[in-house]
Amino acid sequence: MLEVLGLKKHYGSLVAVNGIEFALQPGDIFGFIGSNGAGKTTTIKMLATLLEPTEGTARLNGIDVVMDPMEIKRRIGYMPDFFGLYDDVKVWEYLDFFATLYEVPARERPKVIDNVLELTDLSIKKEAFVATLSRGMQQRLCLAKCLVHDPELLLLDEPASGLDPRARAELKELIAELGRMGKIVVVSSHILPELADFCNTVGIIERGDLKAFGPVREVVKTIQTAKVIEIRLLEAAPEVSMFLHGKPHVTNTHMMGSTTVKVEFAGTEQDQAEMLKHLVDSGYKVTEFREEAADLEDVFLKVTTGAVQ
Amino acid sequence: MAVADWWRTQKRVYFGNASSVRDYRAQLRGTRPALFWTLYLGLLILFVTLAYANVVVQGEQSITVIQTQLQSFYQSVLGMLELMVALVAPVVVGMSIQAEVQRKSLELVSTAPVSPKYFLVGKVLSGYRYVLMLLFLSLPIAAAAVMLGGATWGEVLVSYLLVAMHGLFYIGISLPIAVISTKVVPAVIYSYMACWAWAFGSAIPVASTLFMSGMAPRGSHVEAPFYMLMFPGAFYLGVDSYTTVFGNQIPNWIIATAVTLIIVKFFIVGAGSVMTRIGSKETVSLRIHGLIVTAILTAAYSLTLLAGRGTSITPGSFSTFDPAHELATFFAVLSIPIVFVLPHISTWSYMDERKHKPSGFFDVRQVLSGTPEGGLPYILLVLATMYTVGGGIWLYNGATIDVNTMIYLAWLTGAWVFFWSMGWLVSSFAQSGIGTARKSHLAFTVIVTLLPWPVLGIVGSILDIPSDDIFRVYPVAGLFFDSTEIWTVAFLALEFWIIALWLTYWAEKRRKSVVSLMQRATNERKPA
Ligand SMILES: Nc1ncnc2c1ncn2[C@@H]1O[C@H](COP(=O)(O)OP(=O)(O)O)[C@@H](O)[C@H]1O
Ligand SMILES: [Mg+2]
């Protein structure tokens, strides 16, 4: 379990991270979202023991990041936003180097290296020079080096940036696999769609403050003020908008073409069912009636433009 | 168990060091290394052919003439090796570390559970491989010199060991520079500057050493200061010299090697400390190593000086000197290396990392932690170590310590407190820790070198005062003139202490106002 406790970082008079708090469980894939300069990298570097917090700390399974950095280092895998690989060595030598640094016994190293290469789908590149790998492969190699010591926590800073859609999809699959292996995975991004579909927890950071945190659905729910229901009819009925407008809990309606109407609705599910019944009773032939999932992107925009709080 | 753990750690750092293994794999690859070593071998062969042709070309000559010429041939081989090492060693480590910083691979290593020492030792080992290769490839030539009668095997082995030590020393010097620098080019330039300043600057003590040893012929078994062997300029003259330590003749190459290793360790710990946070194991270790190095250098240097005057120092043999002044000069010379660390110890800053923020100006509990308030206590502790060890050895050898000695020591201590207070004051006018250290270095240079000679000289000539009188009131000058007038020394000591106290008072007033400014700024930022 990772507990972040009032983590704060000042650069002179600039407050880069302003006392953020959250907790994650094994298997959690945490999407850490914020625009550029929001404080994601600073937070991740503090968790990776690379930066000393001005105040606060974090604990991984009870081990304190500030008090016991060496012990923490053994338990985390960190992938920075910009990283350099030694390009003058072979892929397996690169992993061998990190396996040695992480005190993987010499006897087990070849097996460990084969395993992480397998996991990151780089087995065929084992004897290739690092310099010859594509950007996506280098990204995966860096992830592979994070895994040689079987860490409990993975800190991935903007791992998807600069990848083509295919490489990005592969990376997502890999990260999901790590979650299934019971690791805590922290993935940051400034582009929301990158994360929305495979994280089970998200946090939105803006100017050093954690504005929202929780399971994706909950964050969406708390931020969302009204749900949107999309209703499609069999026949054109432009007056349906007027018909719904005055009904209970309906705050707004929009016609989307002649057969579809979007209703902003503030009532409960019970009220929702009532409204459907009412429509049908009034002779409208409803072919589709569904709650539109407000996506994270809307939430993100609302939060970061100050629409919330 | 503790011993086993310690051994395991040492083994991990020095044998099979991952950094070194990784670099080794890269070093062996590609055409560039092969090209480099081929070029080197070619140069060696060319050089030897030319040098040897010079020796034999002159036809019929007496054996002794040829002998001398062969010896000078051997010396030029050593000189060339020394030059190659001085060209290669200062940059190998700096470039390798800076390359890691530039390509951002150092960050990945920093999140691995290894100490900075592990990483630095790895870099030293992989850089040192180049130096050893240089020496190894030239061995056949040295062997030729032995066969031809220009040198003996013993001489060759000791000389090679010493050149290897010089290379290690250059690597040591360049290590903290590489860690402090942010770019490759400055790292390389400053490393060359530092190493060559050492190589050329050492010509001065070597010259006086030659004088002291009575210009004994090369390789003769004579008593000479061990540090002669650490200086690249003329070490080969003293390969068989020794130092008498409590009645035993210890070969100088042993002492020089040991001292080199200790100083290089000190540089490694120093670079490690730069890479870590305040109060880290590395910083504490650096400060302890500083004390150990101080003690060892003091002991080695005082034994050398005493040995230079013959094996038994009786109070009588001091009668022609002023022992107090002698001892004070000895300490003054010994304390000069403080110059290099003082700007970093005496400065503080509120702008950057917590590393430089002081919570006072003197706190004995912080003496080893590296915080600014531990700076002055640490300088005093270094001086105390020096006085205790040096004074002890001199006392043991029959020197006496009297009131005059105490006055000299008050002057010297005052000098360093004064320079510390200057750094403390400069800090209140600067922004960042490193910037402060630079400004403090500059102020130091101005006060010690620029001010006394040109400025005071001009002032003297304008006011028509003899320059001796001007220097007499200039406290820093106490070191440079040979006046044994104890009242002058007492006056200069007092001058130093008063100025130091006043500067400290002023600096503290400024520091406190900076603190309250910073606090106000922090409060304003907090939401109501
Ligand atoms: N070393 C530093 N010195 C001063 N300010 C910094 C430093 N590193 C980051 N910052 C500032 O801290 C803020 C947060 O940066 P960062 O954590 O890199 O944001 P993100 O990763 O979310 O884009 C930014 O305003 C940035 O300019
Ligand atoms: Mg970032």
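The values are calculated or read from the model by the stated rules, or taken from the named source; none is laboratory data. In this text the structure is predicted, and so the values were computed from the model without any measurement. Here the Cβ positions follow ideal geometry from the backbone for every residue, glycine too, while neighbour counts run over all protein chains shown. To get the accessible areas, we keep the full protein, side chains included, count just its heavy atoms, and leave off ligands, DNA and RNA. Shrake-Rupley method; radii C 1.70, N 1.55, O 1.52, S 1.80 Å.
Peptide A:78-90 has a mean of 5 when you count, residue by residue, the C-beta atoms of other protein chains within 10 Å of its C-beta. Calculated FRET efficiency, B:LEU501 to A:MET67, Cβ-Cβ distance, R0 = 60 Å: about 0.90 to the nearest 0.05. Could you work out how far helix A:135-147 tilts from the main Cα principal axis of chain A, as a 0 to 90 degree angle to the nearest 10? Once rounded, the angle reads 70 degrees.
Which whole number gives the average count of other chain Cβ atoms within 10 Å of the Cβ atoms across peptide B:110-118? Let's see the in-between values first.
Details: counts 5, 15, 12, 13, 6, 1, 0, 0, 1.
Mean number of neighbouring Cβ atoms from other chains: 6.
The packing ranking of peptides B:387-393, B:267-273, highest mean first, is B:267-273, B:387-393, where packing means the average number of other beta carbon atoms within 10 angstrom of each residue.
Please compute the average number of Cβ atoms from other chains found within 10 Å of each residue's Cβ in peptide A:96-104. Intermediate values should be presented prior to the final figure.
Details: counts 4, 10, 5, 1, 9, 13, 4, 5, 0.
Partner Cβ neighbours, averaged per residue: 6.
Rolling a 1.4 angstrom probe over chain A with all protein chains present gives an accessible area of which 52% lies on carbon and sulfur atoms. Calculated mean residue ellipticity at 222 nm for the protein assembly as shown: -19000 deg cm²/dmol, from DSSP H runs with n ≥ 4 weighted as -39500 (n - 2.57), summed, divided by the residue count and rounded to 500. Against the criterion of solvent-accessible heavy-atom surface with a 1.4 angstrom probe, A:MET67, B:MET230, A:MET1 sort, most first, into A:MET67, A:MET1, B:MET230.
Most tightly packed first, judged by the mean number of other beta-carbon atoms within 10 Å of their residues, the peptides A:11-20, A:36-45 read A:36-45, A:11-20. Each residue was assigned an accessible area with a 1.4 Å probe, and for B:SER20 the value is about 10 Å².
Counting other Cβ atoms within 10 Å of each Cβ, which GluC sites (Glu not before Pro) in the range A:199-264 have at most 14 and sit in a DSSP loop? Answer in residue order: A:GLU235, A:GLU239.
In square angstrom and rounded to 100, what buried accessible area do you get between chains B and A, total over both, with the probe at 1.4 Å? Let's see the in-between values first.
Values: alone 26770 and 15310 Å², together 38870 Å².
The contact between A and B buries close to 3200 Å².
Apply the a/c threshold of 1.5 to the C-alpha gyration tensor of chain A and tell me whether it is rounded, prolate or oblate. Since a/c reaches 1.5 and a/b is larger than b/c, the shape of chain A is classed as prolate. Going by a ≥ b ≥ c, the root eigenvalues of the Cα gyration tensor, does the range B:1-217 fall in the rounded group (a/c under 1.5), the prolate group (a/b larger than b/c) or the oblate group? Note, shape of the range B:1-217 comes out prolate. Residues of the range A:82-100 with backbone nitrogen within less than 17 Å of a virtual label 7 Å along the Cα-to-Cβ line of B:ALA26, please, listed as ranges. Under 17 Å, as judged by backbone N against the label point of B:ALA26, lie A:83-100 of the range A:82-100.
Grab the beta carbon distance between B:VAL339 and B:ALA299, set R0 = 35 Å, and tell me the FRET efficiency rounded to 0.05. It would help to have the intermediate numbers written out before the result.
Numbers: r = 21 Å, r/R0 = 0.61.
Efficiency, rounded to the nearest 0.05: 0.95.
Given a 1.4 angstrom probe, I'd like the percentage of the accessible area of the range B:1-217 that is carbon and sulfur, rounded to a whole number. That fraction is 75 percent.
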